[in-house]
Every structure is written in structure tokens, then in C-alpha cells.
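A.B. asks: Here it is, the structure in full.
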Amino acid sequence: MTPGPVPPGAEVRTRVDPTLAAEGYVLSCGPAGIDLAGGSEAGVFYGRQTLRQLGPDVPGVHIEDAPRFTWRGVMLDVARHFMPVPDVLRFVDLIAFHKLNVLHLHLTDDQGWRIEVPGWPRLTTVGAWRSSTMLGSRVHDLHDGEPHGGFYTTADLRQIVEYAARRHVTVVPEVDMPGHMQAAVAAYPALGNGFDGPVRTGWGISSHVLNLSEATFDFCRRVLDHVCDIFPSEFIGIGGDECPTVEWPGGRELQADFTARMASHLATRGRRVYGWDEILAGGAPDGAVIAAWRGVEPADVAIRAGHQVVCCPDVKLYLDYRQSDDPGEPTPVGTLLTLEDVYTYEPPSSPLVLGAQANIWTEHMESRSRVEYMAFPRLCALAEVVWGPAERDFGDFTARLPAHLARLGALGVNYRPLSGPRPADARPSAPGNPRTLADRLAELHEMTADLR
Ligand code: ACM
């Protein structure tokens, strides 16, 4: 095609060319118009996102592009703070714009149960609500005294799945079990081990976990059946992280048995378990995909055990961790996790690595605006990690970023300015508890001892 800009109003000629990589595309723009070929409809979609980025005055360009990883994900915790459906849809739009293709939706936790399940009304009449919310890090023991909650109906979730599918985003649901279950136990104490209290209002990990009776296994299977009815994803998240065993008559081996039962049930529906790396202890079920989060070591453990893995090490990809040491950062928790830390993260090189995902835990994100502040532009950096080549240049990225931030600004995204937080981004009512990397690495080493 002859070089030169595209005339205003030129048509976009699209086609699917199965000889291209499935999610790849070739985009040619010039005086004769715009030709966009995709290896599939997804490839055409990604070419269109590139066109959107080029803006209204499309220059003459020829782009051949395809992603490196098939799992380009982000986890959104809608349990700690409920996010209304329109805000979830907007978030889907934003991640699709960055060519991310997995939304891992963390639907349940100690502090709230967010998915309506037929036959179990109290999960949402009771489990979806808490009387108060902790403000900031738990070391301060501050509370707002305000009720909080909400849940998604089946129709809501179908809408999210369908909206995401049209943008080539797979929603991977997660119902965290057998720990992180205090909200469900508050709704149905028979699921627990004698706990008869409310949905948890503070952060941290509840020791009030599921019991291991046949009736409770059956409850879990019914919940997963409902999840499978709504979500077509091959992978179904069952969590498995941070499950205290103090209420059980045995130890960690009981969790391995629990996980195996859930995996075989999901297999009857043609689905595979997606679980946090704790499920490696005692041997994860065949076919399970591991979300490796406790530092960078568990990904290697999963690979050695022959499991496919999605890398999400907390010290690299937890977007609730603070973005700088500026005292104006909202609720600074975790280790320092800068834009450069995310951009320079590289998953281990193995065919078992499906990709990576950033995790957005929302204890300290009470609004869509706060989520956007923590997510962007670090999610832009992740998008390049999982789409682009292993060799990346942070200087080049930061040179290109201001033009992209202008696009996000035009979309009304409350991204974090490269110069630091704006005065109104601070959240003095919710103080944090910053950690050093050395302390966190020592803690992770201890936490993962059972994997070594
Ligand atoms: C996790 O951060 N508990 C997976």
C-alpha cells in the first residue's frame, strides 16, 4: 500500500484470515483506506483496538501483530467491595482496550458473598451484607460503621459474561473454598464448624472455614454447578488460598482431598480447576491450572509438577500494593510496586506458562475511581508484558505512555498521574501499613515452606 495518511471517513475493510495467528492481525492504513485482517474475530477485534489508539487522524502504517501469551488477565475482587454491574462492564471495556482477555472475578470471600445461588437464599440475603467496613490496614483497627454490600443476580452475571465475550474477554469465576468462607458460614452456620457470627467486617483471614461433611461437599458442588451454568469458561476458580485448618480434625491433607473432589466434579462438566498455589500442597489434581501468587517461586513449583500456570506474583503484580513512597498515596500497603516493577516482570520461560495476570484486591478500593487509580497505568504495563516480546525497554514504554494516558483521560479514567498522586487521591481516613520487600520475601519463604 502506498504510504500516507488515511483520508477522513475512509472505510475499514475487515476480514478473517485463518493463516494468521488466532489472535493476531495485520493492519494496513493508507490513502486507499484501511485493511484489517485478523486470524479470528478476536484478531480483528484487537486490530480495531489498535485503530482506536491511532485516533481519528489515522497515519499511514502497516502493523503485523500477535500476542505472546494466551492468558492475559486481571483479577477483580468484587467481594471485599461490591462493584455494581455498570462499573464491571466499564472495567471490561478498559481491559479489552488493552487487549487483555481474561477477567478473573473473585466472587466470594469472608467479607461478602456476591453471587445469587438458587436454593440458598441466605447466601445473598445475609452473606452479601456486612454491618461495617474496616478502614485501612488492620493494624489500625479503624471501622467506618457503615453497612456495605450487594450481589449479582444470575441475569447480572449472564450480562457480564455476554458483554465480555463480545469483547473477547473470558470471565473466569471464582468461588473461594474451603477457606475465605465466613460470609457463607454466617448465612448457613451448618456449613461451618460451630461459628455462629456475622459476615466479617475486618480484613485479614478468617479461621471460620467450611466443615468437611458430605452435606457441605454437596453444597459446594451445587454452587459450582450453578457457576458452570452461568460461566462457559473452561477454567473455574475454586480459590484454595489461605485456609486455616484450626477448626478441622486434621491438617492440610484434608484440603488436598477437598480440592480433588471439586476437581472431579468439575471434570464431569468438562471444566478444569483454577486454584491459587496453595492447592499444590499435597499434590494438585491433574489438569488443574495454578495461579502462582506467593512470590515468584510457586510458578516454578507448579511447572516442575507439570501444571499449567498463570503467573501473578504478589511482589510484581498485586495492584493493591502501593505505587510509590509518596505520603499522598491512598492506603499504602504491601511492598513498593512501581510501574517499572510491573513492566520489567517476566514470567518463567516454559510452555506450561499460559500467561500472567494482575490481581486487584479491593480491601482499600471502595469505588470504581479508586480501582482505576490503582489499576492504571500499571495495567498498561502488564498488557505489554503479556502481549509484547520478552525484550522490553522501560524507557521506550514511558516515552509512549503520555499519549496513551491522554486516551485514558479522554475516557474519564482516574489513572495515577506519572508525577504522583493528586491531592484528592489521598485517603487519610484509611491509613496503610507499608512493608519492605525484604520482610515480605522472608514471609513468603516461610509461607511456601510446604511446597518445598
Ligand atoms: C491471595 O492473595 N490470597 C491469593
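The values are calculated or read from the model by the stated rules, or taken from the named source; none is laboratory data. Just so it is clear, the structure is predicted and the values come from calculations on it, not from any experiment. Here the Cβ is made from the backbone with ideal geometry for all residues, glycine too, and neighbour counts use every protein chain on show. These area figures cover heavy atoms from the full protein model, side chains too; ligands, DNA and RNA do not enter into them. Shrake-Rupley method; radii C 1.70, N 1.55, O 1.52, S 1.80 Å.
A.B. asks: Between a first residue in segment 321-344 that is outside any loop (DSSP other than H, G, I, E, B) and a second residue that is of a type in the set (S, T, N, Q) and surrounded by 15 or more Cβ atoms within 10 Å (Cβ to Cβ), which pairs have beta carbons less than 8 Å apart while being 6 or more apart in sequence or on different chains?
C.D. replies: Sorted first by the residue in segment 321-344, then by its partner, the pairs are Tyr321/Thr335; Val333/Ser137; Leu339/Gln323; Leu339/Thr398.
A.B. asks: In segment 280-295, which residues are in a strand (DSSP E or B) and within 13 Å of the ligand (Cβ to nearest atom)?
C.D. replies: Initial filter on segment 280-295 (in a strand (DSSP E or B)): 289-292.
Ile290, Ala291, Ala292 - these are the residues of segment 280-295 that are in a strand (DSSP E or B) and within 13 Å of the ligand (Cβ to nearest atom).
A.B. asks: Filter segment 354-366 down to the residues that are within 21 Å of His98 (Cα to Cα) and open to solvent by 10 Å² or more (accessible area, probe 1.4 Å), then identify the one that is farthest from the ligand (Cβ to nearest atom).
C.D. replies: Leu354
A.B. asks: Of the numbered conditions (1) touching a Lys or Arg at 6+ places or on another chain (Cβ under 9 Å); (2) surrounded by 22 or more Cβ atoms within 10 Å (Cβ to Cβ); (3) of a type in the set (D, E, K, R), Asp341 satisfies every one except a single condition; which is it?
C.D. replies: In the conditions (1) touching a Lys or Arg at 6+ places or on another chain (Cβ under 9 Å); (2) surrounded by 22 or more Cβ atoms within 10 Å (Cβ to Cβ); (3) of a type in the set (D, E, K, R), Asp341 misses (2) alone.
A.B. asks: Please go through segment 216-241 and pick out each residue that is open to solvent by 10 Å² or more (accessible area, probe 1.4 Å), part of a strand (DSSP E or B) and either free of Cβ contacts under 8 Å to residues at least 60 places away in the same chain or not aromatic (Phe, Trp, Tyr) (or both).
C.D. replies: none
A quick yes/no check of all residues on (1) touching a strand residue (DSSP E or B) at 6+ places or on another chain (Cβ under 7 Å); (2) more than 21 Å from Trp203 (Cα to Cα):
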| residue | (1), (2) |
| --- | --- |
| Ala406 | no, yes |
| Tyr415 | no, yes |
| Gly420 | no, yes |
| Ala426 | no, no |
| Gly432 | yes, no |
| Arg440 | no, no |
| Leu451 | no, yes |
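A.B. asks: Still on this structure: Does Pro232 count as farther than 19 Å from Asn211 by Cα and touching an Asp or Glu at 6+ places or on another chain (Cβ under 7 Å)?
C.D. replies: Working: farther than 19 Å from Asn211 by Cα: yes; touching an Asp or Glu at 6+ places or on another chain (Cβ under 7 Å): no.
Answer is no for this residue.
A.B. asks: Answer with yes or no whether Pro198 is in a loop (DSSP other than H, G, I, E, B), of a type outside the set (A, V, I, L, M, F, W, C) and either within 30 Å of His98 (Cα to Cα) or out of contact with any Gly (no Cβ under 7 Å at 6 or more places or on another chain) (or both). Let's see the steps before the verdict.
C.D. replies: Details: in a loop (DSSP other than H, G, I, E, B): yes; of a type outside the set (A, V, I, L, M, F, W, C): yes; either within 30 Å of His98 (Cα to Cα) or out of contact with any Gly (no Cβ under 7 Å at 6 or more places or on another chain) (or both): yes.
Yes.
A.B. asks: Yes or no: Gly202 of a type outside the set (A, V, I, L, M, F, W, C) and at positive phi?
C.D. replies: Values: of a type outside the set (A, V, I, L, M, F, W, C): yes; at positive phi: no.
In short, no.
A.B. asks: Among (1) open to solvent by less than 20 Å² (accessible area, probe 1.4 Å); (2) of a type outside the set (A, V, I, L, M); (3) away from the ligand (no atom under 13 Å from the Cβ), there is one condition Pro298 misses while meeting the rest; what is its number?
C.D. replies: Looking at each condition in turn, Pro298 falls short on (3).
A.B. asks: Among the residues of segment 83-134, how many are more than 18 Å from Gln159 (Cβ to Cβ) and in a helix (DSSP H, G or I)?
C.D. replies: Summing the residues that are more than 18 Å from Gln159 (Cβ to Cβ) and in a helix (DSSP H, G or I) in segment 83-134 gives 4.
A.B. asks: Any residue that is within 16 Å of the ligand (Cβ to nearest atom), out of contact with any Lys or Arg (no Cβ under 6 Å at 6 or more places or on another chain), among the β-branched types (Val, Ile, Thr) and open to solvent by 20 Å² or more (accessible area, probe 1.4 Å) - is there at least one of those in segment 142-162?
C.D. replies: Narrowing segment 142-162 to residues within 16 Å of the ligand (Cβ to nearest atom): none.
Looking for residues that are within 16 Å of the ligand (Cβ to nearest atom), out of contact with any Lys or Arg (no Cβ under 6 Å at 6 or more places or on another chain), among the β-branched types (Val, Ile, Thr) and open to solvent by 20 Å² or more (accessible area, probe 1.4 Å), one finds none in segment 142-162, hence no.
A.B. asks: Of everything in segment 242-278 that's in contact (Cβ under 8 Å) with a residue 40 or more places away in the chain and open to solvent by less than 10 Å² (accessible area, probe 1.4 Å), which residue is farthest from the ligand (Cβ to nearest atom)?
C.D. replies: Only one residue tops the list, namely Leu266.
A.B. asks: Which of the residues spanning segment 18-60 are open to solvent by 40 Å² or more (accessible area, probe 1.4 Å) and assigned to a strand (DSSP E or B)?
C.D. replies: Within segment 18-60, Asp35 is the sole residue that qualifies.
A.B. asks: What number goes with the only condition from (1) open to solvent by less than 10 Å² (accessible area, probe 1.4 Å); (2) at negative phi; (3) within 16 Å of the ligand (Cβ to nearest atom); (4) assigned to a loop (DSSP other than H, G, I, E, B) that Ala183 does not pass?
C.D. replies: It fails just one condition, (4).
A.B. asks: Find the residue count for segment 297-320, including only residues that are in a loop (DSSP other than H, G, I, E, B) and under 20 Å from the mean Cα position of the chain (by Cα).
C.D. replies: The initial filter retains those residues of segment 297-320 that are in a loop (DSSP other than H, G, I, E, B), namely 305-308, 312-313, 319-320.
Cutting the leftovers down to under 20 Å from the mean Cα position of the chain (by Cα) gives us 307-308, 312-313, 319-320.
Going through segment 297-320 one residue at a time, the tally reaches 6.
A.B. asks: Of all residues in segment 378-419, how many are under 30 Å from Leu142 (Cβ atoms) and either of a type in the set (A, V, I, L, M, F, W, C) or under 24 Å from the mean Cα position of the chain (by Cα) (or both)?
C.D. replies: If we filter segment 378-419 for residues that are under 30 Å from Leu142 (Cβ atoms), which is where we start, we get 378-379, 413-417, 419.
Right, trim to either of a type in the set (A, V, I, L, M, F, W, C) or under 24 Å from the mean Cα position of the chain (by Cα) (or both) and you get 378-379, 413-417.
Final tally of qualifying residues: 7.
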